[in-house]
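Written out below as structure tokens is the structure these notes cover.
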Amino acid sequence: MPIYEFYCPKCHMIFNFFSRSVNTEKRPACPRCRTPNLDRRMSVFAFSRNRPEEEDTPMPDLDESKMEQAMEMLAREVDHVDEEDPRQAAALMRKLSDLTGLNLGPGMEEAIRRMEAGEDPDQIEAEMGDLLEQEDPFSFKEKAARIARSLPPRVDETLYDL
């Protein structure tokens, strides 16, 4: 009675399926997202148990020392920013986004584009303040998805029927 492993590309997860007979043709749907016809994987003979549970939307693994260096560099640059020049403030926000992997929300993107064009930040805030307060100005979602796909798939320890 074999156990087969199947990979779901949408969930980036490996699932184990128990079969009462040898069955090399059947490809089940994902137990999590219902994607049909999962990809059959070669099984390993042993795998790690008691792994810590991960969130549905993984946060990117940030190298703490690199993050610390990036923040120190940004802190040094802040000391030299001319508070009267919106272009410098916008450039600093772009660097923060690039160094941390944060994705700017659409409202924040527009505000920064306007600052890069030299518009007055107070005027931008007066016109866009409500919009900026309603949205999450930063997001890891796209970055997290890219990082998650570059990591080995997670393994669901549940044994499903094939």
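Computed from the coordinates by the stated procedures, all read-outs in this text should not be read as laboratory data. All of these numbers come straight from a predicted model, not from anything done at the bench. Glycine also receives a Cβ, built like all others from the backbone with ideal geometry; neighbour counts cover every protein chain displayed.
Laid out as a table, the results:
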{"item": "Calculated FRET value between VAL78 and HIS12, using beta carbons and R₀ = 30 Å, to 0.05", "result": "0.20"}
{"item": "Gain on full stretching of the segment that runs from SER19 to GLN69 - 0.36 nm per residue minus C-alpha separation", "result": "12.8 nm"}
{"item": "Highest to lowest packing among 155-162, 106-113, scored as the average C-beta count within 10 Å", "result": "106-113, 155-162"}
{"item": "Local net charge near ALA117, Cβ-Cβ under 14 Å (Lys/Arg +1, Asp/Glu -1)", "result": "-3"}
